[in-house]
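Notes to accompany the following structure.
The values are calculated or read from the model by the stated rules, or taken from the named source; none is laboratory data. Just so we're clear, the structure is a prediction, and the values are computed from it rather than from any experiment. All Cβ positions, even for glycine, are placed from backbone atoms using ideal geometry, and neighbour counts span all protein chains on display.
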Amino acid sequence: MNNEHQAPWECVYAKEEQNQCKPGKKPNSDQEYFEILCLCILQAGLNWGVIRKNWQKYKKGSSGFDITRLAETQTSELLKKPDVLRHAKKIDAIIYNAKEFQRIQKEYGSFAHFLDSLRHMINKEVLKVLTKRFKHMGNYTAEYYLHSVGYWT
């Protein structure tokens, strides 16, 4: 069985043993890193199938998960749109995380460079960095995200 995929879109990470699921492919841009982050956060604690089934709708309602546009948006404004997941804490987290992505880009040049700067750390420390920097991200979501973007192999 070939479990190669570009996680998290086809990821079986939550359904099978971790070692049976190959990590996702490294994104080509900060925008791709951010969209996958948004997906991981929206899926956390909810029905993953429903989120994936409605992903294009949520993406459209959230300005394509464009980092700059979301960083300039208010939670209340986004929640008024018809194609947005009605979960204020998750929407607030996505907007906050867009701003955090911008801070990371300014500090490191790109999100990929930021992740590369964490390579000297042990896994537990990397998870701690992510859970402190991003809203609505616990250890499991951080671990799933890193797996999804090919950080952990």
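Structural remarks
- The set of residues from segment 132-153 being assigned to a loop (DSSP other than H, G, I, E, B) and either at negative phi or among the hydroxyl-bearing types (Ser, Thr, Tyr) (or both) comprises PHE134, LYS135, MET137, GLY138, VAL149, TYR151, TRP152, THR153.
- Taking the criterion of being among the aliphatic types (A, V, I, L, M) and more than 11 Å from CYS38 (Cα to Cα), the residues of segment 71-105 that qualify are ALA71, LEU78, LEU79, VAL84, LEU85, ALA88, ILE104.
- Of the residues in segment 7-29, none is modelled with pLDDT under 90, polar (S, T, N, Q) and within 16 Å of the chain's Cα centre (by Cα).
- Residues that are acidic (Asp, Glu) and surrounded by fewer than 16 Cβ atoms within 10 Å (Cβ to Cβ) occur at least once in segment 74-96.
- Which listed residue is more than 13 Å from the chain's Cα centre (by Cα) and among the aliphatic types (A, V, I, L, M), from ILE67, ILE104: ILE104
- From the options LEU130, LEU146, residue that is modelled with pLDDT of 95 or more and not β-branched (Val, Ile, Thr): LEU130
- If only residues of segment 109-125 that are touching a helix residue (DSSP H, G or I) at 6+ places or on another chain (Cβ under 9 Å), without any contact (Cβ under 8 Å) to a residue 60 or more places away in the chain and not in a helix (DSSP H, G or I) are counted, the one that is farthest from CYS38 (Cα to Cα) is MET121.
- Some residue of segment 90-105 being outside any helix (DSSP H, G or I) and either among the aromatic types (Phe, Trp, Tyr) or farther than 15 Å from SER29 by Cβ (or both): no
- Tally, over segment 106-150, of residues that are closer than 17 Å to PRO23 by Cβ and of a type in the set (A, V, I, L, M, F, W, C): 10
- First in segment 126-153 and surrounded by fewer than 16 Cβ atoms within 10 Å (Cβ to Cβ), second anywhere and aromatic (Phe, Trp, Tyr) and assigned to a loop (DSSP other than H, G, I, E, B), Cβ under 9 Å, 6 or more apart: none
- Enumeration of residues in segment 49-63 that are assigned to a helix (DSSP H, G or I), of a type outside the set (Lys, Arg) and surrounded by 14 or more Cβ atoms within 10 Å (Cβ to Cβ): ILE51, TRP55, TYR58, GLY61, SER63
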